[in-house]
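Quick note: the coordinates plus some simple rules give every number you see, no bench work behind them. Every value quoted in this text rests on a predicted model; they were computed, and no experiment measured them. Don't worry about glycine lacking a Cβ; one is built from the backbone with ideal geometry, like all the others, and counts go over all protein chains shown.
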Amino acid sequence: MVLDLIIKKSDDGFTAEVPSLNGCESWAAKEDEVIDKIVELAAFYLKIKNIKKIKLDKARVSGNKHYYKLVFNKEGN
């Protein structure tokens, strides 16, 4: 399964969201922190026990937005 992840840079830090998971949003002062938080939150939403099985691929950058793909196998969690 592949889900989109969008990270936006703002004046006070970074916000992250997984648009296909309603309410799956996070904020942190640093980009790597917000990535860790949103991957953990997405795993919680999807009931994935081992978050190390989730891969993160950077897709593109557009202005202040960074687009990633969360890649995982739901059956093998």
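Close amide-amide hydrogen proximity is noted between residue 20 and 4, each under 5 Å apart and 5 or more residues distant or on a separate chain (H modeled in the peptide plane; Pro and chain starts excluded). Relative to the current alpha-carbon distance between residue 71 and residue 2, full extension at 0.36 nm per residue lengthens the span by 24.4 nm.
Straightening the chain between residue 60 and residue 29 buys 9.0 nm, computed as 0.36 nm per residue apart minus the Cα-Cα spacing. Taking Rh as the Kirkwood radius computed over C-alpha pairs, what is the Stokes-Einstein D of the chain at 10 °C in a medium of viscosity 1.306 mPa s, expressed in µm² per second? D, rounded to a whole number, is 127 µm²/s. With the helix formula -39500 (n - 2.57) applied to DSSP H stretches of n ≥ 4, the chain reaches a computed 222 nm mean residue ellipticity of -7000 deg cm²/dmol. From most to least packed by mean Cβ count within 10 Å, the peptides 50-63, 11-24, 28-41 give 28-41, 11-24, 50-63.
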